Amino acid sequence: MKMLKDQKGFTLIEMMVVLLVISILLLITVPNVTKNNSSINEKGCEAYQKMVQGQVQAYIMDHNKIPTVAQLSDGYITSTECPTGKAIVILADGTVELK
């Protein structure tokens, strides 16, 4: 029989220290993320608008006409809204706006 001192593994104190470090990291990051949530969503909307503008250009190259949002959602985009809930609007000249 082996003695308990010969066994390898983590002690309870080591596990508690790891949990303490993880808890401190969560306490630091969670408030920062929630505080900046609106700016994160705004940046997501800007990026989504640029992506949709690229898909409008791809649609124009494929079909030689400016698409509607309904036509674009047929395989070119997955959502007609950005993360803040603003709707996509395609103007007559093919530019994309969020309203």
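The values are calculated or read from the model by the stated rules, or taken from the named source; none is laboratory data. What you are looking at is a predicted structure, and each value in this text was computed from that prediction instead of being measured. Note: ideal-geometry Cβ built from the backbone for every residue, glycine included; neighbour counts use all protein chains shown.
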| said: Restricting to segment 52-75, and then to whatever is assigned to a loop (DSSP other than H, G, I, E, B) and over 21 Å from the mean Cα position of the chain (by Cα), can you tell me which residue is surrounded by the most Cβ atoms within 10 Å (Cβ to Cβ)? | reply: P67
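Against the condition surrounded by 10 or more Cβ atoms within 10 Å (Cβ to Cβ) and under 21 Å from the mean Cα position of the chain (by Cα), how does I24 come out, does it pass?
Judged against the criteria, I24 is not a match.
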| query | Which ones in segment 28-51 are of a type in the set (S, T, N, Q) and either in contact with a Cys (Cβ under 6 Å, 6 or more places away or on another chain) or modelled with pLDDT under 90 (or both)? | reply | T29, N32, T34, N36, N37, S38, S39, N41
| So L25, is it at pLDDT 90 or above and not β-branched (V, I, T) | yes
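Can you tell me which residues in segment 85-99 are part of a loop (DSSP other than H, G, I, E, B) and surrounded by 13 or more Cβ atoms within 10 Å (Cβ to Cβ)?
Correct list: K86, G94.
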| Complete set of residues in segment 56-78 that are in contact (Cβ under 8 Å) with a residue 12 or more places away in the chain and not β-branched (V, I, T) | Q57, A58, Y59, P67, Q71, L72, Y76
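Yes or no: segment 39-50 includes at least one residue that is of a type outside the set (V, I, T), under 23 Å from the mean Cα position of the chain (by Cα) and more than 30 Å from E97 (Cβ to Cβ).
No, because not a single residue in segment 39-50 is of a type outside the set (V, I, T), under 23 Å from the mean Cα position of the chain (by Cα) and more than 30 Å from E97 (Cβ to Cβ).
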| Quick check: is even one residue across segment 23-42 touching a residue at least 40 places away in the same chain (Cβ under 8 Å) and in contact with a Leu (Cβ under 9 Å, 6 or more places away or on another chain)? | no
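Return yes when S79 is among the small types (G, A, S), loosely packed, with under 12 Cβ neighbours inside 10 Å and within 16 Å of L98 (Cα to Cα) and no when it is not.
Criteria met by S79.
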